[in-house]
Amino acid sequence: GIQVEQSPPDLILQEGANSTLRCNFSDSVNNLQWFHQNPWGQLINLFYIPSGTKQNGRLSATTVATERYSLLYISSSQTTDSGVYFCAVGAGGTSYGKLTFGQGTILTVHP
Amino acid sequence: DGGITQSPKYLFRKEGQNVTLSCEQNLNHDAMYWYRQDPGQGLRLIYYSQIVNDFQKGDIAEGYSVSREKKESFPLTVTSAQKNPTAFYLCASSKDRVGKNTIYFGEGSWLTVV
């Protein structure tokens, strides 16, 4: 099956700093999503981005499907950005509807 | 409010007992999913259903069972055959069956087996 690798595994920032999280995947995808998991376990959708670039406030994401990677940018980080960020991908064919998750990046933002 | 409701939030069971986790959605989504998350790990797919009365095994289906008798409901039973059932269980849904839409998650259920 498709493999998903996220880096870095851990990231510690001071409030106000910028960061880039990376997601590499091993095969063509028709679905790629970024999620933020808060300390209570809730998974929040950040972006649905199988290709191209999107922005939402301080967050933006870029997926280069031909090179099999996606980047999540967090600017002017805040303590509320802390948590785990997951990249999840889905492939076509018999894998319709299935998402494969990376291991996540644990982000800690200090005041 | 529209969304995905999982219950119970916390559940304790004795080893050897079956337990059923509820998942209901009022988003009119066709597809529903069950994922398992272990501490410090990503999510792994247990079962998914793309249409009523049909479901497929995910990557870790052994020891679990599901049903999809109604579009809005997708309950998960953790059976006594599941060797390590203690985990965080997340239900999700998406609008269509082809996997090209955003997937939304419920708040999860914490299952502890003692």
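Just a few scattered comments:
- A DSSP coil position with no more than 11 other Cβ atoms inside 10 Å describes the following GluC sites (Glu not before Pro) in the range B:1-85: B:E15, B:E62, B:E69.
- Rg(Cα)/(2.2 N^0.38 Å) for chain B, N = residue count: 0.99
- Per-residue ³J(HN,Hα) for the range B:72-78, Karplus 6.51 cos²θ - 1.76 cosθ + 1.60, θ = phi - 60°, Hz, x for Gly and Pro: 8, 10, 8, x, 10, 9, 9
- The alpha carbon radius of gyration of the range A:4-110, expressed as a multiple of 2.2 N^0.38 Å, is 1.03.
- The mean of 1/r over all pairs of different alpha-carbon atoms in the protein assembly as shown, once inverted, gives a Kirkwood hydrodynamic radius of 17.9 Å.
- Charged neighbours of B:W34, selected by a Cβ distance under 12 Å, balance to +4 (K, R count +1; D, E count -1).
- The HN-Hα couplings worked out from phi for the range B:84-96 by the Karplus form 6.51 cos²θ - 1.76 cosθ + 1.60 (θ = phi - 60°) are 10, x, 5, 5, 9, 10, 10, 9, 9, 8, 9, 5, 10 Hz, whole numbers, x standing for Gly and Pro.
- FRET efficiency for B:T102 and B:N18, using Cβ-Cβ distance with R0 set to 30 Å, rounded to 0.05: 0.40
- Within chain B, longest stretch free of exposed trypsin sites (Lys or Arg not before Pro) [DSSP loop, at most 14 other beta carbons within 10 Å]: B:15-82
- Pairwise centroid distance, computed over Cα atoms, of the range B:47-80 with the range A:41-111, Å: 26 Å
- In this Cβ point-charge picture (+1 for Lys and Arg, -1 for Asp and Glu), chain A has a dipole of about 220 debye about its Cα centre.
- With θ taken as phi - 60° and the Karplus curve 6.51 cos²θ - 1.76 cosθ + 1.60 applied, the whole-hertz 3J(HN,Hα) list for the range B:25-31 is 10, 10, 9, 6, 7, 6, 9 Hz, x standing for glycine and proline.
- Based on Cα contacts under 8 Å between residues 6+ apart, chain A shows a relative contact order of 37 percent.
- Once the C-beta distance of B:L27 and A:I12 is scaled by a Förster radius of 45 Å, the resulting FRET efficiency is 0.80 to the nearest 0.05.
No lab work stands behind these numbers, since they all come straight from the coordinates. Predicted, not measured: the structure shown is a model, and the values here were computed from it. Note: ideal-geometry Cβ built from the backbone for every residue, glycine included; neighbour counts use all protein chains shown.
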